[in-house]
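Reading through the structure tokens given below for one structure.
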Amino acid sequence: MISYRLSDSIPFPLTMNDDMTAEFSTDAQQLLDFIDQSPSPWHAGRSIAARLLAAGFRRLEEGEVWRLEPGDRAFVVRGDSSVVAFIMGGGTLAETGFRIIGAHTDSPGLRVKPRGAHAEGSMLRLGVEVYGGPILATFADRDLSLAGRVGVRTEAGVDIRLVDFPDALVRLPNLAIHMNREVNKDGLKFNKQTELPLLLAVADEVPAEDRLRALLSERAGCDPKDVLSWELSVFDTQPGAFWGPQREFIADGQLDNLASCHAGLSALLQVSHAEAVAVAAFFDHEEIGSESHKGADGALLPDVLERIALALGLDRTGYKRALARSFLVSADMAHAYQPNFPQSYEPQHKVFVNAGPVVKTNACGRYATDAEAAARIIRLCERAEVPYQLYVHRTDLGCGSTIGPMTAARLGIPAADIGNPMWAMHSVRESAGVRDHTHMIRLLRCFFSTGA
């Protein structure tokens, strides 16, 4: 048991036995491994599916008939990067409903253009588009590479294959301070069209696009002429790491929001029995609005939930009764207090790394949490013996949002927005607390097991 004291309204751990220290470190290391194995949202989908299969879950295809029974464990993949997994409950669905955790597999960054390879001077460059809202300056002078999926021509039609380049492949070199004298005063800025292309190689007589196709075909195991299309994310090849004098912090790319995906997946895999149907939904495209066939504002989750109800023989009234008894937890990372920038935080709602999961609220509905939902999450934290914190964004700054409000609206069910505190959200290299990840897993596991 962790004991706590209050200092400036912050719960700090005072004592911790060796078993708990080992659990924190193990969970954090597994998170870092998961992220490092998932350099793109499509790889994240594959990583999630592999863990589900290893745990005895059955993959369902949307074009087939589903036959489900109490206790069944199954999942659906749409577009390689969105996954909905579930465990059938022991209760009557119309009476117990669904317990849903939602998170997202995508992260802000850079994406290679369809005809991005081009020569400029003596260098071969890759043109990129900005995906979501990354901190562009953090991509400079990093060991970057590419990962994604490739459309390949085959005798049977088209095959989609995942590719990645584990070693540093491309780079965005900074301009020397001798040519940018005001950079330390004005900040590092890039023109998105002209200054973000990544350096790949020295140009030669081989056409630029042929060079890129050759690289992709080698990883995809096909002839270059059979490479038809690609979606490629830029990622930082530096592995995740612990830091701090007691290894109490972690750093990696894509903590927002693969940390929530890993916590939700870990919680689901630890469920031995539940009365309600336990659902973990991992969506792509959150960072660009979620409006797609596999995004949270699309039909994926409603489709899966309705298919579950139909497979159990429920009519439309029974399905609506199940939704009326359901609850959604939207798990997305939260803004931890950074003492170098106190002016950026709401003074009475600072949240701190390693002080527990955060309940997020916003009066304008940017987060889905209302008073009832907040109370339910706080009660769950008490049951799980997990510390919690309350976050409100500074009133004179625009507040971000999550999949919570749109998913709750689409399904017509109550929801809470929660997340673990982190630093440098949307940087190519983010940081968070080791203890918080274990606390989030415990909270989500309690949600699946006991409801909210």
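Provide the per-residue ³J(HN,Hα) series for the range 410-419, in order, calculated from phi with Karplus coefficients 6.51, -1.76, 1.60 and θ = phi - 60°, each as a whole number of Hz, with x at glycine and proline positions.
Listing the rounded values in order: 5, 8, x, 10, x, 8, 10, 9, 9, x Hz.
Near Ser145, within a Cβ-to-Cβ distance under 9 Å, what is the net charge of the other residues, with Lys and Arg +1 and Asp and Glu -1?
Around Ser145, the charge tally is -4.
Given 37 °C and 0.692 mPa s, compute D for the range 303-394 with the Stokes-Einstein relation, Rh being the Kirkwood radius over Cα pairs; round to the nearest whole µm²/s.
After rounding, the answer is 209 µm²/s.
Percent relative contact order of the range 165-230, based on C-alpha pairs within less than 8 angstrom and at least six residues apart?
28 percent
Run the numbers for Thr92 and Asn180: contour at 0.36 nm per residue of separation, minus the present Cα-Cα distance, in nm.
25.0 nm
For the range 363-400, state which GluC sites (Glu not before Pro) are in a DSSP loop and have at most 16 other beta carbons lying within 10 Å of their beta carbon.
Counting only loop positions with at most 16 other Cβ atoms within 10 Å, the GluC sites (Glu not before Pro) in the range 363-400 are Glu385.
Taking R0 as 41 Å, what's the FRET efficiency between Cys399 and Asp226 from their Cβ-Cβ distance, rounded to 0.05?
Computed FRET efficiency for Cys399 and Asp226: 0.30.
Express the relative contact order of the range 150-303 as a whole percentage, based on alpha carbon pairs under 8 Å and six or more residues apart in sequence.
It rounds to 17 percent for the range 150-303.
Leaving ligands and nucleic acids out of the surface, order Phe249, Phe86 by accessible area at 1.4 Å, largest first.
Phe249, Phe86
In square nanometres and to one decimal, what's the mean projected area of the convex hull around the Cα atoms of the range 381-451?
The directionally averaged projection comes out at 6.4 nm².
Quick one: in the chain, what % of C-alpha pairs are over 36 Å apart?
Above the 36 Å cut-off, the chain has 30 percent of its Cα pairs.
Run through every distinct alpha carbon pair of the range 227-373 and return the Kirkwood hydrodynamic radius in angstroms, one decimal place.
Kirkwood hydrodynamic radius for the range 227-373: 19.1 Å.
Just how far, in whole angstrom, is the range 16-78 from the range 438-452 if you go by their alpha carbon centroids?
16 Å
Compute the distance from the alpha-carbon center of the range 212-250 to that of the range 333-392, in whole Å.
33 Å
Could you state how much accessible area Met123 has, in square angstrom rounded to the nearest 10, with a 1.4 Å probe and all protein chains kept in place?
The accessible area of Met123 comes to roughly 60 Å².
Based on the mean of other Cβ atoms within 10 Å per residue, sort peptides 422-433, 111-122 so the most packed one is first.
422-433, 111-122
Counting Lys and Arg as +1 and Asp and Glu as -1, what is the net charge of the other residues whose Cβ lies under 10 Å from the Cβ of Glu95?
Cβ neighbours under 10 Å give a net charge of +1.
Using a Förster distance of 25 angstrom, determine the FRET efficiency expected from the C-beta separation of Glu385 and Gln29, and round it to 0.05.
So, using R0 = 25 Å, E works out to roughly 0.65.
Output the relative contact order of the chain, whole-number percent, from Cα pairs under 8 angstrom with separation of 6+ residues.
Rounded, it is 22 percent for the chain.
Take the cross-link list Lys320/Lys350; Lys320/Lys360; Lys185/Lys350; Lys294/Lys350 and give me the ones stretching past 30 Å between alpha-carbons.
Lys320/Lys350; Lys294/Lys350
Which one of Val434, Tyr391, Val358 has its Cα pushed farthest toward the positive end of the charge dipole of the range 352-448, where Lys and Arg give +1 and Asp and Glu give -1 at the Cβ?
Val434
Simple spin-label model, 7 Å along Cα-to-Cβ: Ile288 to Lys320 in nm?
3.6 nm
Rounded to whole Å, give me the distance from the Cα center of the range 267-292 to that of the range 123-191.
Going from one Cα centre to the other spans 30 Å.
Once the Cβ-Cβ distance between Ser122 and Lys192 is put in as r, and R0 is 22 Å, what FRET efficiency do you end up with, to the nearest 0.05?
It comes out at approximately 0.40.
Alpha carbons only, please: Rg and Dmax for the range 22-116, in angstrom.
Values for the range 22-116 (Cα only, Rg and Dmax): 16.4, 53 Å.
Specify which residue in the list Met425, Ile160, Ser290 is farthest towards the positive end of the charge dipole of the chain, using unit charges on the beta carbon of Lys, Arg (+1) and Asp, Glu (-1), about the Cα centre.
Checking the options against the dipole of the chain, the answer is Ser290.
Find how much the distance from Leu310 to Ala371 grows on full extension, using 0.36 nm per residue of separation minus their present alpha carbon separation; answer in nm with one decimal.
In short, 18.7 nm is gained.
The values are calculated or read from the model by the stated rules, or taken from the named source; none is laboratory data. For clarity, every value in this text was computed on a predicted model and none was experimentally measured. Cβ sites come from the backbone with ideal geometry, for glycine too, and all protein chains shown count toward neighbours. Keep in mind that these areas ignore ligands, DNA and RNA; they rest on the heavy atoms of the full protein, side chains included. Shrake-Rupley method; radii C 1.70, N 1.55, O 1.52, S 1.80 Å.
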